[in-house]
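Pasting a structure below so you can have a look.
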Amino acid sequence: MDRKTVIDSLYPQCPVRNVLARLMDKWSLLVFYTMEQAGGPVRFNAFRKAIPDISQKMLSTTLQSLCDDGLVKREVYAEVPVRVEYELTERSRTLLPHLDGLLGWALENFDAVISDRKQNAEK
């Protein structure tokens, strides 16, 4: 299954499964966080610097998926060299408070989660 095919075969009309499958992958939240922190348009290489462990192909795929879902706007400027910028859409801005809550929770609970992982790995 490719990234464009996210419809759950058992529940194709389930909005929770179909929308969250795109948002809760390994990279999308980090892309949103990077754009929120930038406070404006972000160029491709700025993402690469902010998220150094993402491959160029995966970053391209993630950005394209978010653009396809109307969560990120891609703007191409006819310059030499061509300049491409990505920005949050109004729809994705309504998602930010929820993501901020999730990120805050992760930060608050990180140490406890890691401790539990270690403890359970030893069993």
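The values are calculated or read from the model by the stated rules, or taken from the named source; none is laboratory data. Here the structure is a predicted model, which is why all the values come from computation and not from measurement. FYI the Cβ positions are ideal-geometry reconstructions off the backbone, even for glycines, and counts take in every protein chain you see. Areas reflect the complete protein model, heavy atoms only, side chains present, ligands, DNA and RNA absent. Shrake-Rupley method; radii C 1.70, N 1.55, O 1.52, S 1.80 Å.
What is the gain in length, in nm to one decimal, between Arg48 and Ala121 on full extension, counting 0.36 nm per residue of separation less the C-alpha to C-alpha distance? Don't skip to the answer; put the middle values down first.
Details: separation 73, 0.36 × 73 = 26.28 nm, distance 3.29 nm.
Going from the current span to full extension adds 23.0 nm.
Between Met58 and Leu99, what length comes free when the chain is fully extended (0.36 nm per residue of separation minus the Cα-Cα distance, one decimal in nm)?
Details: separation 41, 0.36 × 41 = 14.76 nm, distance 2.11 nm.
Here the segment from Met58 to Leu99 would lengthen by 12.7 nm.
Could I ask something else about it? May I ask you to derive the FRET efficiency for Asn109 and Val84 from their Cβ-Cβ distance with R0 = 41 Å, giving the value to the nearest 0.05? Intermediate results must be reported in sequence, preceding the final value.
Numbers: r = 36 Å, r/R0 = 0.89.
E between Asn109 and Val84, to the nearest 0.05, is 0.65.
Now for a different question. Would you please classify the overall shape of the range 20-59 from the alpha carbon gyration tensor, given that a ≥ b ≥ c denote the square roots of the eigenvalues, rounded means a/c under 1.5, and beyond that prolate means a/b larger than b/c while oblate covers the rest? Don't skip to the answer; put the middle values down first.
On the way: a/c = 2.21, a/b = 1.20, b/c = 1.84.
Cα axes put the range 20-59 in the oblate bin.
Using +1 at the C-beta of Lys and Arg and -1 at the C-beta of Asp and Glu, which of Pro81, Phe47, Ala106 has the Cα lying farthest in the positive direction of the dipole of the chain?
Pro81
Same structure, new question: Please report, as a whole percent, how much of the solvent-accessible surface of the range 20-88 comes from carbon and sulfur atoms (probe radius 1.4 Å). Spell out each step's value before the answer.
Numbers: 2040 of 3900 Å².
Carbon with sulfur: 52 percent of the solvent-accessible area.
May I pose another question? Run a plain Debye calculation on the chain (Cα atoms as equal point scatterers, no solvent) and give log10 I(q)/I(0) at q = 0.09, 0.13, 0.19, 0.21 Å⁻¹, rounded to two decimals, same order as the q list.
-0.32, -0.64, -1.13, -1.26
Just from its helices, what would the mean residue ellipticity at 222 nm be for the chain, if runs of 4 or more DSSP H residues each count -39500 (n - 2.57) and the sum is divided by every residue, rounded to the nearest 500 deg cm²/dmol? Let's see the in-between values first.
Working: 5 runs with 72 residues, N = 123.
Taken over the chain, the calculation gives -19000 deg cm²/dmol.
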